[in-house]
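S.K.: The following block contains the structure, expressed as structure tokens.
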Amino acid sequence: MLKVNHVIVVGSQAILATYAEDDLPAGASRSLELDVMLDTTDHMLAEAAADELTGTLGEYSPFNVENEIHVDGVDYTTCVLPAGWRDRLIRRPTPAFPGDYEGWFLEKHDLGAAKLCAGREKNTEVVWSLLTINKLSGITLTERLRTCDPWSQPDEDNANHVHANIQRALQSLKGEL
């Protein structure tokens, strides 16, 4: 068992560090997954932690049954994040986790940029809905997207996919500003 005392929430649930669920549009926080990664630059340790988190706290685990949410362990190859994201993390206690964990959550624009980089329809819809109700700034989101490095992905096909998603998002944002 890995001994860590904090994790970084990188999935949709990270928005809850900034806004109460009642202040968000439908679907912005409905995910039953909590995507988290260990805060380390050691890629092998990050991968091992992701596997262990998923195995221990994942779908159908006692944690999932008790909390009606499950953890998906991820690592740095799972998401593309804007430059400087680490300096903008939001620290919150995580009482649902066993032990004395602290959670670090992506800042809302970093989360939005990561979701647009991934390009999944359900995620892009949430980002656009947050923009529509002024929970995200289009200008800030555009700035963050421009600092995302799709070539940080180890797989060239995935890097090309992320690059295309960034270009598509930037074009859409340009039309909104």
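S.K.: Looking at (1) open to solvent by 50 Å² or more (accessible area, probe 1.4 Å); (2) without any contact (Cβ under 8 Å) to a residue 40 or more places away in the chain; (3) β-branched (Val, Ile, Thr), find the lone condition where residue 77 falls short.
M.R.: It is condition (2) that residue 77 fails.
S.K.: Another question, if that's okay. Run residue 119 past the list (1) surrounded by fewer than 17 Cβ atoms within 10 Å (Cβ to Cβ); (2) more than 20 Å from residue 31 (Cβ to Cβ) and report the number of the one that doesn't hold.
M.R.: Every condition holds for residue 119 apart from (2).
S.K.: Just checking, how many residues over region 119-138 are under 15 Å from residue 170 (Cα atoms), in contact with a helix residue (DSSP H, G or I) (Cβ under 7 Å, 6 or more places away or on another chain) and part of a helix (DSSP H, G or I)?
M.R.: Result for region 119-138: 4.
S.K.: What's the total number of residues in region 139-151 that are of a type outside the set (Val, Ile, Thr) and either buried (at least 16 other Cβ atoms within 10 Å of the Cβ) or outside any helix (DSSP H, G or I) (or both)?
M.R.: 6
S.K.: May I ask you to list the residues in region 57-73 that are part of a loop (DSSP other than H, G, I, E, B) and more than 26 Å from residue 86 (Cβ to Cβ)?
M.R.: Of everything in region 57-73, those that are part of a loop (DSSP other than H, G, I, E, B) and more than 26 Å from residue 86 (Cβ to Cβ) turn out to be 59, 60, 61, 68.
S.K.: Go through region 14-47 residue by residue and tally those that are in contact with a helix residue (DSSP H, G or I) (Cβ under 6 Å, 6 or more places away or on another chain), surrounded by 16 or more Cβ atoms within 10 Å (Cβ to Cβ), at pLDDT below 85 and of a type in the set (Gly, Ala, Ser).
M.R.: Residues that pass the stated criteria total 3.
S.K.: Now for a different question. Only residues that are closer than 15 Å to residue 112 by Cα, β-branched (Val, Ile, Thr) and in a loop (DSSP other than H, G, I, E, B): list them for region 14-56, please.
M.R.: Hit for region 14-56 is 18, nothing else.
S.K.: Within region 12-54, track down each residue that is closer than 21 Å to residue 88 by Cα, among the aliphatic types (A, V, I, L, M) and in contact with a strand residue (DSSP E or B) (Cβ under 9 Å, 6 or more places away or on another chain).
M.R.: Scanning region 12-54 gives 14, 15, 16, 17, 34, 36, 37, 38, 46.
S.K.: I'd like to know if region 142-158 contains one or more residues that are modelled with pLDDT of 90 or more, in contact with a helix residue (DSSP H, G or I) (Cβ under 9 Å, 6 or more places away or on another chain) and of a type in the set (S, T, N, Q).
M.R.: yes
The values are calculated or read from the model by the stated rules, or taken from the named source; none is laboratory data. As the structure is a prediction and not an experimental result, all values here were calculated from the model. Counting neighbours? That spans all protein chains shown, and the Cβs are built from the backbone with ideal geometry, glycine included. Please note that ligands, DNA and RNA were not included when accessible areas were found on the heavy atoms of the full protein model with its side chains. Shrake-Rupley method; radii C 1.70, N 1.55, O 1.52, S 1.80 Å.
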